[in-house]
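Asker: My structure is below; once you've seen it, I'll send some questions.
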Amino acid sequence: MSRFFLPAIAFAIMVPIFVVGLNRNKNEIPSPLLENQAPQFELPSLADPNTTVGSKTYAGQLALVNIWATWCVGCRAEHDFLLELSDRNIVPIFGLNWRDQRDKANRWLAQLGDPYMASAYDEDGRVGIDWGVYGAPETFLIAADGTVLYKHIAPLNEQVWQEEFMPRINAAQGGAH
């Protein structure tokens with residue numbers, strides 16, 4: 001009789017776990033960085049390998065850090081929106097070109113436009129690992145004090161911007177905009 005009880009008990013324990021998992025938003029993967037300091041980094045600039053881009057580049061200001069690559073279909077899908085955001089001048093956008101080829105990435109920006117104030121080149125992906133990057137695109141909203149306010153996994157668009165980013169930006173700016 002006990003050999004029938006054990007599977008039934010195991011099943012009863014697993015059902016609530018599956019129900020919670022199925023009802024979870026697939027774009028909301030928990031990040032240990034939320035409400036903590038963003039990882040410090042310094043990498044070669046994508047545009048000029050003799051200069052560096054890193055956390056000090058955007059320190060002291062509210063900023064977006066966008067993880068992108070030329071091989072990333074979602075990055076191409078969000079690129080026009082990033083250009084539009086850059087033109088709105090609400091918050092500066094900094095890029096982290098992740099696990100890509102420098103020449104392809106520079107051509108991409110030359111052909112499609114460059115929404116970034118600066119873009120770091122993370123050729124081997126080590127900085128991406130520190131940031132907990134699962135894939136590209138991912139976008140982080142960083143407070144002026146370096147705290148990660150939000151992490152979005154998937155291409156940005158107007159709806160996501162208005163629903164997820166703008167309320168946090170407004171709060172961080174004390175209600176401005």
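The values are calculated or read from the model by the stated rules, or taken from the named source; none is laboratory data. None of the values given here were measured: they were computed from a predicted structure. Cβ placement follows ideal geometry from the backbone for every residue including glycine, while neighbour counts extend to all protein chains displayed. Protein only, heavy atoms only, side chains kept; ligands, DNA and RNA dropped before computing areas. Shrake-Rupley method; radii C 1.70, N 1.55, O 1.52, S 1.80 Å.
Asker: With (1) closer than 20 Å to F165 by Cβ; (2) touching a residue at least 40 places away in the same chain (Cβ under 8 Å); (3) of a type in the set (K, R) as the list, and R102 as the residue in question, which single condition is left unmet?
Answerer: Condition (1) is where R102 drops out.
Asker: Here are some conditions: (1) among the basic types (K, R); (2) buried (at least 19 other Cβ atoms within 10 Å of the Cβ); (3) on the phi > 0 side of the Ramachandran plot. R99 meets all but one. Which one does it not meet?
Answerer: For R99, the exception is condition (2).
Asker: I would also like to ask the following. Considering only residues of the range 151-177 that are surrounded by fewer than 18 Cβ atoms within 10 Å (Cβ to Cβ) and among the aliphatic types (A, V, I, L, M), which is nearest to E138 (Cα to Cα)?
Answerer: Filtering first and then ranking leaves A154.
Asker: Pull up the range 43-70, narrow it to residues that are farther than 12 Å from A118 by Cβ and without any contact (Cβ under 8 Å) to a residue 40 or more places away in the chain, then point me to the one that is least open to solvent (accessible area, probe 1.4 Å).
Answerer: Within the range 43-70, the match that is least open to solvent (accessible area, probe 1.4 Å) is T70.
Asker: Can you name the residue in the range 39-81 that is in a loop (DSSP other than H, G, I, E, B) and of a type in the set (S, T, Y) and, of all such residues, is nearest to W161 (Cα to Cα)?
Answerer: T70
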